[in-house]
Amino acid sequence: MAKTQFTYDIQHAGYEFEQYDLKGKASYDLFLTEFDNFPWQDEVGKSNGGSEATISVKNKSANVDLFVSVVGKPQKFAYLIGIVEPTVKKVFFGLGKKKIHWVKIYLTEEAKDVREMFRLFFKNDDLNLKAKLNKLPLFLEQKARK
C-alpha cells in the first residue's frame, strides 16, 4: 500500500478565500512546529472581510483536509478545527444522490485538542478522529467552497 502523502498551506488573516501560501509536504512534527509558532493571537480578528488565519493539511490519498483557524479577539480566542471531505448528499427532494465536499467545523479553546485531532489525522485514524471531533461543539456545517 502506498504511503499517505500530506501537504499543507497557510492563510494569514485578510487573505482572499482562494489565496494561501502552499508550503509542501507535511508531517505531524512539522505541523506542530507551524502550529506552535504561528502568530494566532496577533492575527485573530483581523480578517477584514477575508480569511481568518488558518493552517490546512490535505491528505492527498483520501482527498480530505483538516484545518485549524481562530475566532475571537487577541485577549480571548478559540480554535476552529474543520474537516473537509467528500460525502454523498441527497438532492432533488431526496430522490437522487450527489457526491460533494462537505465541511464540518468544531470549536475548542484548548490547543491540546488541536494537537490531538491532527495527531489522529496524520495517523489515518479516521474513526477516532471523527469520534473526538463529534465531542466538540459544532460551529458550522455546510457544503464546502471550492
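The values are calculated or read from the model by the stated rules, or taken from the named source; none is laboratory data. Since the model is a prediction, treat every value here as computed from it, not as a measurement. Note: ideal-geometry Cβ built from the backbone for every residue, glycine included; neighbour counts use all protein chains shown. Side chains included, ligands, DNA and RNA excluded: accessible areas come from the protein's heavy atoms. Shrake-Rupley method; radii C 1.70, N 1.55, O 1.52, S 1.80 Å.
In table form, for the structure just shown:
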{"read-out": "Top-ranked residue in the stretch 5-33 [being hydrophobic (A, V, I, L, M, F, W, C) and open to solvent by less than 30 Å² (accessible area, probe 1.4 Å); ranked as nearest to ALA62 (Cα to Cα)]", "value": "PHE6"}
{"read-out": "Pairs where the first residue, in the stretch 6-35, is over 24 Å from ARG145 (Cα atoms) and the second is buried (at least 16 other Cβ atoms within 10 Å of the Cβ) and of a type in the set (Val, Ile, Thr), C-beta under 7 Å, 6+ apart", "value": "GLU34/ILE55"}
{"read-out": "Count of residues meeting criterion [among the hydrophobic types (A, V, I, L, M, F, W, C) and open to solvent by 20 Å² or more (accessible area, probe 1.4 Å)] in the stretch 68-78", "value": "2"}
{"read-out": "Count of residues meeting criterion [surrounded by 13 or more Cβ atoms within 10 Å (Cβ to Cβ), in contact with a strand residue (DSSP E or B) (Cβ under 7 Å, 6 or more places away or on another chain) and assigned to a loop (DSSP other than H, G, I, E, B)] in the stretch 115-141", "value": "1"}
{"read-out": "Single residue of LYS112, LYS98, LYS46 found to be more than 15 Å from LEU140 (Cβ to Cβ), open to solvent by 40 Å² or more (accessible area, probe 1.4 Å) and assigned to a strand (DSSP E or B)", "value": "LYS98"}
{"read-out": "Any hit, the stretch 4-18, residues being touching an Asp or Glu at 6+ places or on another chain (Cβ under 6 Å) and among the β-branched types (Val, Ile, Thr)", "value": "yes"}
{"read-out": "Selection from the stretch 49-67 of residues that are open to solvent by less than 20 Å² (accessible area, probe 1.4 Å) and not in a strand (DSSP E or B)", "value": "SER51, ALA53"}
{"read-out": "In the stretch 60-70, the residues that are over 10 Å from TRP40 (Cβ atoms) and at pLDDT 95 or above", "value": "VAL64, ASP65, LEU66, PHE67"}
